[in-house]
Amino acid sequence: MLEKCRRDETCRVCGADDWTEVISFGSLPLANGFVDPADADEAQDVFPLDVIVCRSCRLMTLRHVVDPGTLFKHYVYVSSDSDQIREHMAHIVGLATRRASLASGDLVVELGSNVGTQLAMFRAAGMRVAGVDPAANLAEIANARGIPTDPDFFGPEPAGRIALEQGRAKAVIGRQCFAHIDDVHRILDGVDAVLDDDGVLVIEVPYLLNLLDENQFDTIYHEHLSYFSLHTLRHLFGAHGLRIIDVERVAVHGGSIAVVAARESAARVPEPSVAALLGLEEERGLLTDAPYRAFAERVTRVTEAIRTLVRGLAADGHRVAGYGAPSKGTQLLMACGLTDQDITVCGDTTSLKHGKLLPGNRIPVLPPEEVAATEPDYYLLLAWNYTDEVVRKERRFLEAGGKFIVPIPEPRIISAQSAKELV
Ligand code: TMP
Ligand code: ZN
C-alpha cells in the first residue's frame, strides 16, 4: 500500500526532523472508508497510525500521510447535520464580519466548503461567496443549491482564478479542514493569492489542548494529519506574512479554536486573547514532552476501560448499539478493539452512510429509527461531541430505561436520572 501512503521525515510546518514519539495505534483502515456491502468480502487497505510531536515547532502530527486523492475524492462527511453546528456557523459569520468589517457585496472565500452551508449564511448576510472543495460529490451538492463551488484542492490556482474573476476576498474561511491538509504552505500561498490587503483569514481547527485534556484519542485518524496549538499556528502563519490578531475557543468538534489572522503589512494590533492563550499553552507545558507522554498513558487506560465496560454489558446480554457513525467512532471502536460481536449496529442521520458498513469491523450503519426499532438497551455515544443535543433529543429512550455510554474523557453511563443533571 506504500504508493497510497508515505512516511514523513520532516515537519510540514517548520521542516525540522527531530521528533518525539507519542503513541502508535498500529495499522488501521481509513476511518471514513465506509464499505459497500457488495465489497464486504474484500480486504481493506490499512495504513500506519503513529502520532509524533515536532521538537522544534511542537506540531503534533501523524508520521504517515495517506494520499489525499485516496482520502477525499469521495467524501461522506456532510457538515450541515446538527443544530449546534448551524449555531456555530452563524457565530463564525459574526466573528468574520467584525474582524474584517464585512459589508454587503464583499467577497468571502471558503476552503473545504463542503456542501456550502457556511457560505450560504454569508450570502444570506449580503456577501458574495465562492467555495473550493476537493470532494466532487459535495461540490456538486453545493452548486446545485446555488453556492458556487470549485471542485478542487485549495491553493494558488483556484484562489488566483477566484481573484481574477471576482476580485480579492475580505475574508477567507477554513473551518475544520486545515488539520486535514498536508501541504499547508500551499494553502497559505492560496490565501495570499486571494486575500485583500486588509482582509482576514479565519481558520478553525480542533484544539490540541482539548484533545489532550479530554482524552480525545478517537479524533486521531488518518484524515487528521495535524493537531494544532496556537503556538504552532503562529509559527506557520508567521512564515507567510500573517499575524494572528484574535483567537476564540469554541465548543464544536470536542473543542476547537477559531483563529483570525491578518497580513502583517496591515499592522493590526492583536486582541489580548492571543497572548492569553499562548500563555496558557506554555503554562500547560505544551512546549515540553510531558503532556504528550501523559496523554499516551491515559489513552492506554481509557481504551481498556471502554472495552471492558462495553464487552461486559454485551456479555450480560444487553444490546449495545452505536449512536452516530462519525469517523472518530470508527477510530474509537478500532482503538478499543470492539467488533460487531459487541456493537451490532450504528444509527446515523447522514443518508450517505446508510446501508454501508463501518471500516474495519463491518458494523452496519442504518437510519436512527431503524436502530431504535431494534430496541437497544445502551447506545455507545460515538458522536460524544453532541452529548447535550442527543440527550435532549432522546429523552423518551432514556425515560423508557435506555442508557448512553459516553466513552471519553472516561467512560460513563447516562441514565434518565443522571441526564436530569446534564440538561
Ligand atoms: P461529527 O462529529 O464529525 O459532526 O459527526 C457526527 C456524526 O453523528 C454524523 O455522521 C451525524 C451523526 N449524528 C447522528 O447520527 N445523530 C445526531 O443526533 C447527531 C447530532 C449526529
Ligand atoms: Zn515543526
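The values are calculated or read from the model by the stated rules, or taken from the named source; none is laboratory data. From a predicted model like this one, the values you see are computed outputs, not experimental measurements. Neighbour counts are summed over all protein chains in view; Cβ atoms, including those assigned to glycine, are modelled from backbone coordinates with ideal geometry.
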Check your understanding: Is it the case that some residue within the stretch 374-386 is within 9 Å of ligand 1 (Cβ to nearest atom), in contact (Cβ under 8 Å) with a residue 40 or more places away in the chain and either over 26 Å from Ser27 (Cβ atoms) or β-branched (Val, Ile, Thr) (or both)?
Key -> yes
**Study point:** Members of the stretch 185-195 that are out of contact with any helix residue (DSSP H, G or I) (no Cβ under 6 Å at 6 or more places or on another chain) and either under 17 Å from Ile244 (Cα atoms) or not assigned by TED's automatic domain parsing to the domain that holds Glu157 (or both)
**Key:** His185, Ile187, Leu188, Val191, Asp192, Leu195
Exercise for review: Could you list all residues from the stretch 138-156 that are part of a helix (DSSP H, G or I) and buried (at least 16 other Cβ atoms within 10 Å of the Cβ)?
Suggested key: Leu138, Ala139, Ile141, Ala142, Asn143, Pro156
Check your understanding: From the list Val109, Val129, which one is under 23 Å from Asp182 (Cβ atoms), hydrophobic (A, V, I, L, M, F, W, C) and crowded, with 23+ Cβ neighbours inside 10 Å?
Key -> Val109
Study note, to complete from the structure: The correct count of residues that are assigned to a strand (DSSP E or B) and either away from ligand 1 (no atom under 16 Å from the Cβ) or closer than 24 Å to Arg186 by Cα (or both) in the stretch 1-37 is 13
Check your understanding: List, please: which pairs have Cβ atoms under 8 Å, are six or more places apart or on different chains, and start with a residue in the stretch 253-281 that is in the same structural domain as Asp197 (by TED's automatic domain parsing) and closer than 20 Å to Thr219 by Cα and end with one that is aromatic (Phe, Trp, Tyr) and within 16 Å of ligand 1 (Cβ to nearest atom)?
Key -> Gly254/Trp384; Gly255/Tyr207; Ser256/Tyr207; Ile257/Tyr207
Point to revise | Selection within the stretch 15-44 - surrounded by 16 or more Cβ atoms within 10 Å (Cβ to Cβ) and either within 22 Å of the chain's Cα centre (by Cα) or closer than 17 Å to Ile181 by Cβ (or both) | key: Val22, Ile23, Phe25, Leu28, Pro29, Leu30, Ala31, Asn32, Gly33, Phe34, Val35
Exercise for review: Scan Ser265, Ser273 and give me the residue that is more than 21 Å from the chain's Cα centre (by Cα) and under 30 Å from Ala383 (Cα atoms).
Suggested key: Ser273
Study note, to complete from the structure: For the stretch 241-270, the count of residues that are farther than 14 Å from Leu208 by Cα and touching a Lys or Arg at 6+ places or on another chain (Cβ under 9 Å) equals 15
Study note, to complete from the structure: When Lys328 is run through (1) surrounded by 23 or more Cβ atoms within 10 Å (Cβ to Cβ); (2) more than 14 Å from ligand 1 (Cβ to nearest atom); (3) assigned to a helix (DSSP H, G or I), the failure sits at (2)
Study note, to complete from the structure: Of the listed residues (Ser56, Ser104), the one being touching a Cys at 6+ places or on another chain (Cβ under 6 Å), at pLDDT 95 or above and surrounded by fewer than 19 Cβ atoms within 10 Å (Cβ to Cβ) is Ser56
Practice item. Go through (1) free of Cβ contacts under 8 Å to residues at least 60 places away in the same chain; (2) closer than 25 Å to Val129 by Cβ; (3) basic (Lys, Arg) and name the single condition Arg249 misses. Key: (2)
Check your understanding: Being at pLDDT 95 or above, among the aliphatic types (A, V, I, L, M) and closer than 20 Å to Leu332 by Cα, is that true of even one residue in the stretch 395-407?
Key -> yes
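Matching residues to (1) under 23 Å from the mean Cα position of the chain (by Cα); (2) buried (at least 20 other Cβ atoms within 10 Å of the Cβ); (3) within 16 Å of ligand 2 (Cβ to nearest atom); (4) at positive phi:
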{"position": "Leu333", "(1), (2), (3), (4)": "yes, yes, no, no"}
{"position": "Pro367", "(1), (2), (3), (4)": "yes, no, no, no"}
{"position": "Trp384", "(1), (2), (3), (4)": "yes, yes, no, no"}
{"position": "Thr387", "(1), (2), (3), (4)": "yes, no, no, no"}
{"position": "Val391", "(1), (2), (3), (4)": "yes, yes, no, no"}
{"position": "Arg396", "(1), (2), (3), (4)": "no, no, no, no"}
{"position": "Glu399", "(1), (2), (3), (4)": "no, no, no, no"}
Exercise for review: Go through the stretch 45-54 and give me each residue that's assigned to a loop (DSSP other than H, G, I, E, B) and either within 14 Å of ligand 2 (Cβ to nearest atom) or within 21 Å of the chain's Cα centre (by Cα) (or both).
Suggested key: Val46
